[in-house]
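Remarks on the structure that follows.
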Amino acid sequence: MSAVVPNKVSVRSTGNRKAFTLIEVLASFVLMAIIIPVAMKGVSLSTRLTAKSKQQVEAASLARTKLAEILASEEWKNGNESGDFGEDWPNYHWSMEINDWIQASLNQLDLRVFWFAQGREQSITLTTLVYTESS
């Protein structure tokens with residue numbers, strides 16, 4: 001009886017690999033080439049929108065403060081005016097406009113704050129009604 005000798009089969013174990021193949025490296029580069037520009041565009045857009053939002057919040061706060069000041073001092077009775085917010089807020093300026101409203105004893109006061117962003121003038125407007133005493 002003859003003994004059967006099995007053929008030696010060389011099996012490469014994938015669990016002990018310590019390096020990447022060329023295909024894996026190229027696939028990683030392609031993936032990064034696609035993802036990185038998209039991610040950077042998203043970061044850039046987010047940064048721009050954050051700056052715009054910050055300016056709008058600052059303008060709204062300045063408008064509320066200025067409107068309260070105008071109403072408290074009754075400066076609105078002087079008619080249309082404009083100005084700036086001084087050295088603390090050099091990029092913002094304001095204008096106030098008084099218009100007749102539907103009822104004779106009320107006027108509409110529009111306070112608009114302006115600033116420049118992205119090469120254009122931006123603005124926000126606060127509107128309220130003021131009572132004019134009948135003489």
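The values are calculated or read from the model by the stated rules, or taken from the named source; none is laboratory data. In this text the structure is predicted, and so the values were computed from the model without any measurement. In this analysis, Cβ positions are derived from the backbone assuming ideal geometry, glycine residues included, and neighbour counts consider all displayed protein chains.
Table for the structure above
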item	result
Unmet criterion (only one of (1) touching a helix residue (DSSP H, G or I) at 6+ places or on another chain (Cβ under 6 Å); (2) assigned to a helix (DSSP H, G or I); (3) within 23 Å of residue 51 (Cα to Cα)) for residue 70	(3)
Close pairs from the range 58-82: first in contact (Cβ under 8 Å) with a residue 24 or more places away in the chain, partner among the aliphatic types (A, V, I, L, M) and part of a helix (DSSP H, G or I), Cβ under 9 Å, at least 6 apart	76/70
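One line per residue, one yes/no per condition, for (1) at pLDDT 90 or above; (2) surrounded by 14 or more Cβ atoms within 10 Å (Cβ to Cβ); (3) under 30 Å from the mean Cα position of the chain (by Cα):
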position	(1), (2), (3)
72	yes, no, no
76	no, yes, no
79	no, no, no
85	yes, yes, yes
93	yes, yes, yes
97	yes, yes, yes
113	yes, yes, yes
117	no, yes, yes
121	yes, no, yes
